[in-house]
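Read the structure below first, then the notes.
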Amino acid sequence: MTYILFATQQDLSSAGINFTTHAGSLKFEIALSNWSFSRPTNTLGLHLLISLLPAYTSIQETNTNDTTTFVLSAANVATATINLIRSCVVDNSTTERVSFSLNNTSTAGLLDLVILFPNFAKSIVYDPDFSVTLDVGGTNVGDGSSNLLPLLSLLVLLLVPAVMVLIGAIALGVLVSRKHRHQSRINRALTTAGV
């Protein structure tokens, strides 16, 4: 996973979709390779936990053919805007659709952003334009005129390790599950053989 904090507005393109990243936006790219799917119909889900302080009071979702925008508002004090593009590059050659959802969790103020990737043979690259632009008390932090850029940098430093831990936990869960299934098969074979 790589990420960039933009100081100025940039016009970018990913998976055939053109978009503008605003000044002060945090943006990251996800690249995975050599993932072993157990079936060709399986997908891969990435969960990102999002917390907005003060806690969000409303969520607005806007969809276009290429993007989804979530606007999280916190009691008319702060607003966070999350833009997600709907395409990824699979196996360095084809463009596939990505789906996602933003769900409430059992913890107040904590949201679970789920990104579902399609099956791939070799690699997948997703550049979600996960740009977060904050508006605090009517002052747009995404215009580059704010002194909150260090705060956004700190957010990036906390987000990346959390995502890596989540990916590691998913991989560990898959390995433990496979080991358990393998051990169960051995035990059944021994039982069948009468040992």
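What follows draws every value from the coordinates through simple rules; no lab data is involved. As the structure is a computational prediction, the values presented were derived from the model and not from experiment. Cβ: placed from backbone, ideal geometry, glycine included. Neighbour counts: every protein chain shown.
What length, rounded to one decimal in nm, is gained on full extension from Arg178 through to Asp11, with 0.36 nm per residue of separation minus their alpha-carbon distance? It would help to have the intermediate numbers written out before the result.
Details: separation 167, 0.36 × 167 = 60.12 nm, distance 4.40 nm.
55.7 nm is the gain from fully extending Arg178 to Asp11.
Most exposed first by the Cβ proxy, i.e. fewest other Cβ within 10 Å, how do Phe100, Phe37 rank?
Ranking Phe100, Phe37 by Cβ neighbours within 10 Å, fewest first, gives Phe37, Phe100.
Count the net charge of all other residues whose Cβ sits under 13 Å from the Cβ of Leu172, scoring Lys and Arg as +1 and Asp and Glu as -1. Walk me through the intermediate numbers first.
Values: positive: Arg178, Lys179; negative: none.
It works out to a net charge of +2.
Place the peptides 182-194, 56-68, 113-125 in order of packing, highest mean first, counting for every residue the other Cβ atoms within 10 Å and averaging per peptide.
Details: 182-194: 9.2, 56-68: 12.8, 113-125: 16.3.
Averaged packing, sorted descending, gives the order 113-125, 56-68, 182-194.
Search the structure for amide H atoms under 5 Å from the amide H of Ser87, placed 1.01 Å from N in the peptide plane, and list their residues when 5 or more places away or on another chain.
Val98
Got a sec to turn the phi values of the stretch 176-183 into Karplus ³J(HN,Hα) couplings, 6.51 cos²θ - 1.76 cosθ + 1.60 with θ = phi - 60°, whole Hz, x for Gly and Pro?
Taking θ as phi minus 60°, the curve returns 5, 4, 5, 5, 5, 5, 5, 5 Hz for the stretch 176-183.
With θ set to phi - 60°, apply the Karplus curve 6.51 cos²θ - 1.76 cosθ + 1.60 along the stretch 184-191 and write out the HN-Hα couplings as whole Hz, x wherever there is a Gly or Pro.
Computed from phi, the couplings for the stretch 184-191 are 5, 5, 4, 4, 5, 5, 5, 5 Hz.
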